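The values are calculated or read from the model by the stated rules, or taken from the named source; none is laboratory data. Everything numeric in this text was worked out from a predicted model, so none of it was measured. Cβ placement follows ideal geometry from the backbone for every residue including glycine, while neighbour counts extend to all protein chains displayed. Surface areas here come from the heavy atoms of the whole protein model, side chains and all, with no ligands, DNA or RNA. Shrake-Rupley method; radii C 1.70, N 1.55, O 1.52, S 1.80 Å.
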Amino acid sequence: MIYIIGIGPGGDTGYLTLKALKVIEAAEIGIYIGEMIGEDFKSLFKNKKLFTGKINNQKVLSIIETAYSSNKGIALLMPGDSSFYSGQYLEQFTLSEYVTHFEQSNYKYEVIPGISALNAICAISKIDLTSFTNSQNVFVTSIERLRDLNQFDNKELAKTFSSKPNLVLYQSYRDWYLIKKLITVYYSPKTRVIFAYKVSWKDEKIVESTIESIDKVLNNIELPKHTIIVIIPEI
């Protein structure tokens, strides 16, 4: 049996659901592609096999096929919630790609949801995305993915921003100055802006300011490209 498990932000096993923890404890093989998995998670696989780091897609499928044919329980770990920005374009399978392959292979599998980085950011920063003092609309996107898929359209983004929704921007930090240029037209200078990276890790970075002041703050801080941006306008 294959379990596709969202492990949350990856730095704190406390973000695992009880169901996810039970399945991980029972699994014989673990797979996590990449480095964003903390030592506490790795310790859950003590005396078991955990594959992690840079693993290409074909190698992942080979590991799964070998373990599945031996009737071993497989915990396929994915960051955050697997249904929400899982995988990397042309590098790591997304949830939908795993599901397609498992269906074609007649594998038995189950998807176990996790806590997204957005959930964790909102909890840490005490954000209510649908409070009665801000927009009831939440717009989530990734500029990087839009560019990868040739779906980026500056005019369409501006049209969306014009309604002043709460904005959640994954994989978009490299385009911050473009984003700022667009939101400055529609959002108040006092609008709350949050940048978050490695939430739940010991070296997490959460930077909060306003549209008018954030650039001064960012001048003294180095943030990676996968930093998440959250923008909360007031009505």
Practice task
Check region 109-129 and report whether any residue there is open to solvent by 20 Å² or more (accessible area, probe 1.4 Å), among the acidic types (Asp, Glu) and closer than 30 Å to TYR68 by Cα.
Solution key: yes
Completion exercise
Within region 166-188, the count of residues that are more than 20 Å from the chain's Cα centre (by Cα) and over 17 Å from LEU223 (Cα atoms) comes to 8
Problem - Conditions (1) open to solvent by less than 90 Å² (accessible area, probe 1.4 Å); (2) touching a strand residue (DSSP E or B) at 6+ places or on another chain (Cβ under 7 Å): number failed by LYS49 - result: (1)
Handout entry: Unmet requirement for LEU146, which otherwise passes all of (1) of a type in the set (A, V, I, L, M); (2) farther than 17 Å from LYS225 by Cα; (3) modelled with pLDDT under 95
Key = (2)
Problem - Subset of region 53-79 [modelled with pLDDT under 95 and within 21 Å of PRO9 (Cβ to Cβ)] - result: GLY53, LYS54, ILE55, PRO79
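I'm trying to understand the selection: among the residues of region 40-77, which are among the charged types (D, E, K, R) and assigned to a loop (DSSP other than H, G, I, E, B)?
First, pick out the residues of region 40-77 that are among the charged types (D, E, K, R): 40, 42, 46, 48-49, 54, 59, 65, 72.
Listed by number, the residues that qualify are LYS46, LYS48, LYS54, LYS72.
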Handout entry: Matching residues in region 15-39 - criterion: being open to solvent by 40 Å² or more (accessible area, probe 1.4 Å), touching a residue at least 40 places away in the same chain (Cβ under 8 Å) and assigned to a helix (DSSP H, G or I)
Key = TYR15, LYS19, ALA26
Exercise for the section: Output the number of residues of region 86-108 satisfying the condition of being open to solvent by 70 Å² or more (accessible area, probe 1.4 Å), touching a helix residue (DSSP H, G or I) at 6+ places or on another chain (Cβ under 9 Å) and not acidic (Asp, Glu). Expected result: 3
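Can you tell me how many residues within region 125-166 are in a helix (DSSP H, G or I) and out of contact with any helix residue (DSSP H, G or I) (no Cβ under 8 Å at 6 or more places or on another chain)?
Of the residues in region 125-166, 8 are in a helix (DSSP H, G or I) and out of contact with any helix residue (DSSP H, G or I) (no Cβ under 8 Å at 6 or more places or on another chain).
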Practice task
Would you be able to tell me the number of residues in region 60-85 that are touching a residue at least 24 places away in the same chain (Cβ under 8 Å), open to solvent by less than 60 Å² (accessible area, probe 1.4 Å) and polar (S, T, N, Q)?
Solution key: 1
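Quick grid of which residues meet (1) closer than 26 Å to LYS155 by Cβ; (2) in a strand (DSSP E or B); (3) open to solvent by 70 Å² or more (accessible area, probe 1.4 Å); (4) free of Cβ contacts under 8 Å to residues at least 24 places away in the same chain:
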{"site": "ASP175", "(1), (2), (3), (4)": "yes, no, no, no"}
{"site": "LEU178", "(1), (2), (3), (4)": "yes, no, no, no"}
{"site": "ILE183", "(1), (2), (3), (4)": "yes, no, no, no"}
{"site": "SER188", "(1), (2), (3), (4)": "yes, no, no, no"}
{"site": "VAL193", "(1), (2), (3), (4)": "yes, yes, no, no"}
{"site": "TRP201", "(1), (2), (3), (4)": "no, no, no, no"}
{"site": "GLU208", "(1), (2), (3), (4)": "no, yes, yes, no"}
{"site": "ASN220", "(1), (2), (3), (4)": "no, no, yes, yes"}
{"site": "PRO224", "(1), (2), (3), (4)": "no, no, no, no"}
